[in-house]
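Reading through the structure tokens given below for one structure.
The values are calculated or read from the model by the stated rules, or taken from the named source; none is laboratory data. Quantities reported herein were computed from a predicted structural model and do not represent experimental measurements. As a convention, Cβ positions derive from the backbone with ideal geometry for all residues, glycine included, and neighbour counts pool all protein chains shown. Only protein heavy atoms, including side chains, enter the accessible area calculation; ligands, DNA and RNA are left aside. Shrake-Rupley method; radii C 1.70, N 1.55, O 1.52, S 1.80 Å.
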Amino acid sequence: MESNQITVTKPFLPPLEEFLPYLENIWTSKRLTNNGIYQQKLEEELCKYLKISYISLFTNGTLPIIVALQALEITGEVITTPYSFVATTHALWWNNIKPVFVDVEEKTGNIDPEKIEKAITNKTTAIIPVHVYGNPCNTEEIKKIANKYKLKIIYDGAHAFGVEQEGNSILTAGDITTLSFHATKTYNTAEGGALVCHDIETKQKIDRLKNFGFAGETDVIMPGINGKMDEIRAALGLLNLKHVDKTIEKRQKIAQFYRSELKDVSGITIMDEFKNVKSNYSYFPIFIKKDEYSISRDELYDKLKEKNIYGRRYFYPLISQFEPYRKLDSAKPENLPVALKMADSVICLPIYDDLGINDAERICKIIRKIVN
Ligand SMILES: *Cc1c(COP(=O)(O)O)cnc(C)c1O
């Protein structure tokens with residue numbers, strides 16, 4: 001990899017010397033996993049930081065979705081969005097559940113509540129919306145529909161770390177919300193994830209499910225799996241949590257810069273900022289209209305690449321276009337026009353804490369020069 005390559009994201013890492021004392025403690029105690037002290041401490045700290053009551057740490061952000069479906073005993077059909085990372089739908093497949101795709105709203109990229117009801121059948125048991133790019137879903141409308149049809153709601157909150165609406169955590173919506181702490185996310189533990197729930201009974205059930213179903217030393221009460229996070233990554237998580245506000249502030253500066261530099265470029269659409277939302281600036285998507293901008297999204301993507309700037313087309317292709325899912329009725333293009341349009345026009349621009357404003361400036365210059 002060339003050193004001057006700019007990628008869509010770079011993981012935040014704390015100064016190495018700050019990590020060493022944690023490692024020394026782990027080496028001394030020889031406690032590497034199974035609900036160790038750092039894992040307990042990180043759960044406590046995350047509850048405080050995220051303003052939530054219960055969290056269970058996982059080894060990645062996909063297992064908590066799979067385990068949430070098990071915990072809530074979801075079967076049959078589940079309504080979900082095609083405009084997401086493929087893990088959201090794979091979690092359904094791993095539970096033998098049929099995904100039913102519903103189109104999204106253009107202003108957020110999230111599942112369109114108005115289109116959910118007509119996708120419900122007598123086999124539907126739950127909805128899995130995604131707060132894509134950290135944009136809050138219309139949680140009130142989704143809740144109304146779920147209540148009316150007695151459906152569970154599991155939010156895939158992989159992008160929504162720290163996002164608040166009217167001062168409240170977005171992670172408290174629904175029955176369960178899952179998080180990813182993957183290296184590419186705003187807050188990372190290298191690999192890692194979590195499940196947010198709202199009562200102690202669910203927390204206990206989740207803790208057992210992610211530990212083979214053990215309820216005591218010799219007592220297995222359900223067919224669990226191994227989803228536990230280890231002490232080394234929990235320690236990294238504790239340390240990264242101390243730095244996360246600062247990294248979000250830096251991302252915010254980049255986002256503001258992009259917004260001001262690109263807002264008047266013809267053929268480029270930027271999502272509106274959401275009122276009363278505390279964002280985490282995890283992604284900066286722009287949408288290209290070829291007719292107005294002069295070249296297509298893919299041409300722009302390639303041009304940036306020639307200059308060593310690697311944006312990403314999140315989320316293209318749609319999940320519904322991938323081989324395992326494309327034959328489903330709900331995957332038909334005529335069912336998902338908005339999602340398709342977004343997938344065909346999106347590029348996420350580089351955004352991470354130590355991306356320089358001069359780099360962002362260079363990126364904006366290239367983008368503006370093409371249309372001018
Ligand atoms: C990253 C991501 C996941 C999966 O997280 P991993 O930690 O990589 O397993 C799930 N859903 C969405 C929307 C994601 O972006």
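Measuring nothing but protein heavy atoms, the accessible surface of segment 16-240 at 1.4 Å probe radius is 53 percent carbon and sulfur.
Dividing the convex hull volume of the alpha-carbon atoms in the chain by its residue count gives 143 Å³ per residue.
Look at the alpha carbon pairs under 8 Å that are at least 6 residues apart: their mean separation over the length of the chain gives a relative contact order of 22 percent. Taking Cβ atoms as reference points and 14 Å as the exclusive limit, the residues near Lys278 contribute a net charge of -2, counting Lys and Arg as +1 and Asp and Glu as -1. The alpha carbons of segment 290-362 stretch over 47, 30, 19 Å along the principal axes, in descending order.
Basic side chains Lys and Arg get +1 at the Cβ, acidic Asp and Glu get -1 at the Cβ, and with that the dipole of segment 244-371 about its Cα centre reaches some 100 debye.
Distant-in-sequence amide contacts of Lys278, defined by a placed amide H-H separation under 5 Å and a gap of 5 or more residues or a different chain, comprise Glu164, Gln165, Glu166, Gly167.
Taking the three principal axes of the alpha carbon atoms in segment 1-145, the coordinate ranges are 57, 42, 29 Å, sorted in descending order. Between segment 1-43 and segment 198-234, the alpha-carbon centres lie 23 Å apart. A Förster distance of 22 Å, applied to the separation of the beta-carbon atoms of Asp291 and Ser260, puts the FRET efficiency at 0.35.
The DSSP beta bridges internal to the chain are antiparallel in roughly 60% of cases.
The distance separating the Cα centre of segment 263-288 from that of segment 308-367 comes to 13 Å. Residues in the chain average 47 Å² of solvent-accessible surface per residue, probe 1.4 Å, ligands and nucleic acids excluded.
Our summary of shape: the Cα atoms of segment 224-372 have principal axis extents of 52, 46, 36 Å, ordered from largest down, in whole angstrom.
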